[in-house]
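Below is one structure, written out as structure tokens, with a few remarks after it.
We did not get these values from a lab; they are worked out from the coordinates using the rules stated. Treat the numbers as computed from the prediction; the structure is a model and nothing was measured. For neighbour counting, all protein chains shown are included, and Cβ atoms are generated from backbone atoms with ideal geometry for every residue, glycine included.
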């Protein structure tokens with residue numbers, strides 16, 4: 001791992017961002033006021049989280065976000081305070097606010113995720129144009145689609161990125177995942193176990209996950225499929241085989257941003273020219289480090305590189321040419 005090299009440019013796309021608040025309380029009760037403490041406020045949305053972690057790992061990330069209203073202005077300020085290069089596309093709707101509460105008495109985490117604003121055709125067209133004109137070598141689309149845009153929006157983005165030779169990385173679910181894999185070819189897609197099960201329409205054991213991922217690769221929808229399996233680790237599938245990494249066992253404080261941290265770790269390493277095995281190891285380490293921190297804090301750099309040496313690999317894939 002070349003920690004002192006920033007690597008190729010990475011653009012993260014954030015279509016449905018949020019300002020995320022996280023807090024702690026002893027017990028969550030109905031009706032009565034619930035007093036919270038340790039409140040923190042972070043810029044949220046999958047692509048923002050990816051850019052935050054890329055920056056912490058020494059990578060070269062910029063985020064392209066769609067934001068509007070007073071909350072949108074606050075979001076942009078929080079992104080810039082994180083030291084992330086940011087290009088904001090203004091929309092007419094109001095950016096959403098998310099809220100996470102950690103219940104200390106049970107260790108349970110409650111996550112409240114509102115719907116975002118409606119994005120119209122002209123606003124989306126400006127986003128697609130910005131992607132096509134950007135010089136990033138990697139384009140990462142992470143998170144849900146906003147209301148008002150078609151399910152194949154990420155497929156259109158993948159096509160725009162491919163026109164100029166960029167590698168498109170996708171982390172989404174549901175109809176947006178299905179439409180993209182049906183209509184476009186992506187460099188890498190990262191479903192969780194649950195998202196891949198939803199995609200195929202049935203519960204899957206580990207062998208089933210491998211076969212489902214391999215089917216996506218074999219029909220040309222993705223070059224790599226990275227499946228995150230929580231406490232069971234992760235799989236990386238390509239036409240060269242399957243790479244499996246058992247989970248690194250750590251104290252779990254919050255699952256927020258673990259998948260985004262995984263994506264950030266992998267793309268940071270790939271952008272530096274590292275082999276796919278090294279990228280997968282960094283992704284696993286970053287995802288594990290993220291669950292060690294409370295609320296929306298995401299992973300800490302020192303934790304990631306401390307855990308990196310504990311990531312074991314099973315089987316192997318060739319390096320990315």
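Just check segment 78-205 against the gyration tensor rule for me: Cα atoms, a ≥ b ≥ c as the square roots of the eigenvalues, rounded for a/c under 1.5, and otherwise prolate or oblate depending on whether a/b exceeds b/c.
On the way: a/c = 1.71, a/b = 1.19, b/c = 1.43.
Oblate is the answer for segment 78-205, as a/c is 1.5 or above yet b/c matches or exceeds a/b.
What is the packing order of peptides 108-118, 268-278, taking the mean over residues of other C-beta atoms within 10 Å and listing the highest first?
Details: 108-118: 14.5, 268-278: 21.6.
So the order, starting with the most tightly packed, is 268-278, 108-118.
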Query raised in the report: Taking only C-alpha pairs under 8 Å that are 6+ residues apart, what is the relative contact order of segment 174-238 in percent?
Result: 37 percent
Query raised in the report: With each label point set 7 Å from Cα along the Cα-Cβ vector, what nm distance links residue 183 and residue 41?
Result: 3.7 nm
Query raised in the report: Counting each DSSP H run of 4 or more residues in the chain as -39500 (n - 2.57), what helix-only mean residue ellipticity at 222 nm follows after dividing by all residues, to the nearest 500 deg cm²/dmol?
Result: -11000 deg cm²/dmol
Query - Alpha-carbon centroid distance for the pair segment 115-139 / segment 1-61, whole angstrom - result: 21 Å
Requested in this report: Have a look at the DSSP beta bridges in the chain and tell me what percent are antiparallel, nearest 5.
Outcome: 35 percent
Query raised in the report: Put a dot 7 Å past each Cα toward the Cβ at residue 310 and residue 128; how far apart are the dots in nm?
Result: 4.6 nm
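Give me the extension gain from residue 163 to residue 253: residue separation times 0.36 nm, minus the current Cα-Cα distance, reported in nm with one decimal.
Details: separation 90, 0.36 × 90 = 32.40 nm, distance 4.16 nm.
Taking residue 163 through residue 253 to full extension adds about 28.2 nm, to one decimal.
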Report task. Measure off 7 Å from each Cα along the Cα-to-Cβ vector at residue 300 and residue 218, then give the distance between these two points in nanometres to one decimal. Result -> 4.6 nm
Query raised in the report: Ranked highest first by the average count of other Cβ atoms within 10 Å around their residues, in what order do 91-104, 31-44 fall?
Result: 91-104, 31-44
Report summary line: Highest mean packing first, using Cβ neighbours within 10 angstrom, the peptides 220-226, 201-207 sort as 220-226, 201-207
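In segment 165-313, what % of DSSP beta bridges are antiparallel (nearest 5)? Let's see the in-between values first.
Working: 9 of 15 bridges.
The answer is about 60 percent antiparallel.
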